[in-house]
Amino acid sequence: MKERVQHLRLNMLASLVLLAVTLCGCGYFPGMQPANQSMFDAVEQPYTLDTGDKVRVIVLGQTDLSNVYAIDQSGQISMPLIGLIDVRQVTPAELEKRIAARLGGLLREPKVTVEIETYRPFFILGEVTNSGQYPYVNGMTAQTAVAIAGGFSPRAKQSSVEVTRQVSGEVIRSTVPLYYPIRPGDTIRVHERWFQSNDGLYEAAAHSSGIARAGRRAVPSRLRFKRGAQPARASCRHHLPFRRNGCLLERTPA
């Protein structure tokens, strides 16, 4: 009787956790924020330049000034005759006006065109095959970024990702769907998924201790469920044994 009551309590706890996850945006994880309006508004805003971008500046009739310039760590480019120009968080159209204004004292009615030669890279971390820094592809989405990084890992949450972006000088971090457009300089994090056994809800291990907690029970990390097996102790001797109805918990290779 006691075992049945405990089993019902665990099922109720799992249901409450699932309800909380759903209400928090279908895929909420601790430390993540549901996508806010400013993150979606940023997609419609003109692209602004920053460190890592390369711009092609064309000054009509001035071959010495027309060239490709890389934006340095201070957010500036250096051009002949006019020296350093601050270009961080300005659009290419705004940069055209700044350069023309600086050249106004040297040239008569300078005609300036600015094009983006190379976008700054994006970064992807977490549960992907090859995390790291990658060149930006124009028009890419979060799903494209995951594909470039070699796809999801076996433990990845595949319905949404976390994106960190600088919007109007403010760093914003939000949970977004896979079809969300990615911009140069974005940092994407793929989190581990939640999965459900036949008597409880568990989270893939994400702690340095190797333990993920489900209710009041400590579950060894990197567990694989084998259905149809008899209830047995966890294979790892360093953790307390526990039983799961109809499932055998085993540690998978690292």
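Read-outs throughout are calculated quantities, based only on the coordinates presented, and are distinct from any laboratory measurement. The model shown is predicted, which means the values in this text are computed figures rather than measured ones. Methodologically, a virtual Cβ is constructed for each residue, glycine included, from the backbone with ideal geometry; neighbour enumeration extends over all protein chains shown.
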Centre separation in Å (Cα based) which lies between region 176-193 and region 74-137: 24
Scoring region 101-165 by relative contact order with C-alpha pairs under 8 Å, at least six apart, yields a percentage of 26
For Ile58 paired with Val171, estimate the spin-label separation in nm (one decimal), with each label point 7 Å from Cα along the Cα-to-Cβ line. 3.8
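Take the Cα radius of gyration of region 43-166 and divide it by 2.2 N^0.38 Å, with N its residue count; two decimals is plenty.
Computed over Cα atoms of region 43-166, the ratio equals 1.34.
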